[in-house]
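Derivation of every value follows stated rules applied to the coordinates shown; laboratory data play no part. The shown structure was predicted, so the numbers you read here are calculated from the model rather than taken from an experiment. Quick reminder, even Gly has a Cβ in these numbers, built from the backbone with ideal geometry, and neighbours come from all protein chains shown.
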Amino acid sequence: MFDLLPNNSHAPKISVLGVGGCGCNTINQLSKAQLADNVQLIAVNTDAQSLTMCECSVRLQIGTEITKGLGAGAKPHKGFEAAKESEAELKQHIEAADIVFITGGMGGGTGTGAMPFIASLAKELSKPLVAVVTTPFSLEGQKRAQQAKNGVDELINAADAVIVLPNDKLIDALDKKISMVNAFYQSNRILQDVLQGLTTTISQSGLINIDLNDFIEVISHQGRAAMGVARQQANDDLQQTIANALQNPLLEKIELTQAKGAIVSVIATDNIELSQYNLIGACLQQQLNADAMVIIGLTIVPELDCELELMVIATGIETPAHLQQTPANQPVASHSSPEVAAIERDLHSVPTAMGIDSNISAVVIDTQVDKKPRFEPSELLNLHDFLRQKSAVAITEEDELEIPAYSRRAKLSGL
Ligand SMILES: Nc1nc2c(ncn2[C@@H]2O[C@H](COP(=O)(O)OP(=O)(O)OP(=O)(O)O)[C@@H](O)[C@H]2O)c(=O)[nH]1
């Protein structure tokens, strides 16, 4: 067993705020992982009941007066007002940190309304802030998609970097038979990996170090950011590993050539050759704009159970206009039952969630198997209650094989 996360009193203080139901689920998952001592997890919600189920040490109920502890009822303006009511407490947590990460689901009330406000507080206090957010399934309806879009736009204006993980991508990337609970678990695991990878990158000392100033320099290109992680086993082709990191199928579709900067964290055994390190740099430089600032950190872990682990964060990316809207003439699946046809019509009137390839956004009808919608309408009506109840899912042995080292280390240490 090895430990990549030594106690380091000089490490920057990192606060991770999980905002709203989705954010608190992610914080719950992160609280079971091993994080460095300099990382503080904070659950932030308007919903008092959901907060009590959070296992982290700091829980902050916001907007007690406005929401009476009952949530923001999918109204972003309530989430915003709630955060404003609790401005002083939020500021305390932001001020205590050198860098702030926020995470949550866009589309509901608390996360959508509160996260841009929190980001604006961080801006006011000159603290760098990176947001990692989800966007709703198309199935959740047009209103949520629109609320999410507005929320992301507001967040982009206030945060240093915004990484978007569209829940719709799950449908495309995961086994079609996967249960709803497992789909959310997988998505939360990606959120966990992104956050754990980011905090680890800043916390640990490497052979070639990425310190907080490097990190801030690259993320300060306001706009969208994207992140990918890949692992390389012995005899794998390094160029393919790099391509895998850049094409993480659960992350938002992005145009890498538009990135203004990239942070690359390489974790490798002591067998890594200079030529391999150089190849990583050269491949990335090829994919990115010539003016992009690229910082590559290297940490040697002799006991690493693969040859190399690669994490790429590309920043300052604009979403191309052609990815922002669903074409009006998108084909509708034929031979559907009246119920399915109604859902299909609804889906085609939903604007594509940000950055999702238009031919992915509407792939929610399982035409391959039985022409039934993957989720029954009754399930949809109760989606949010359902999520609250089912957020905690145990990691199976099978899952474990795919978990990047950031997460696996936590499990190895028995946490
Ligand atoms: N990936 C993932 N997405 C989630 C999860 N929970 C909710 N979501 C998504 O996040 C969106 C917002 O849901 P919540 O986070 O529960 O809403 P909220 O921000 O607490 O807002 P209110 O409930 O209205 O106060 C939903 O529309 C879902 O798309 C989760 O555990 N994982």
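Annotations
- Neighbours of Asn38 by Cβ distance under 14 Å: Lys/Arg scored +1, Asp/Glu scored -1, total -2.
- Phi angles across segment 259-276 convert, under the Karplus curve 6.51 cos²θ - 1.76 cosθ + 1.60 with θ = phi - 60°, into 3J(HN,Hα) values of 5, 8, x, 8, 10, 10, 10, 10, 10, 9, 6, 6, 7, 4, 9, 4, 5, 5 Hz, Gly and Pro given as x.
- Charge sum, other residues only, whose C-beta stays under 11 Å from Thr110's C-beta, Lys/Arg counted +1 and Asp/Glu -1: 0
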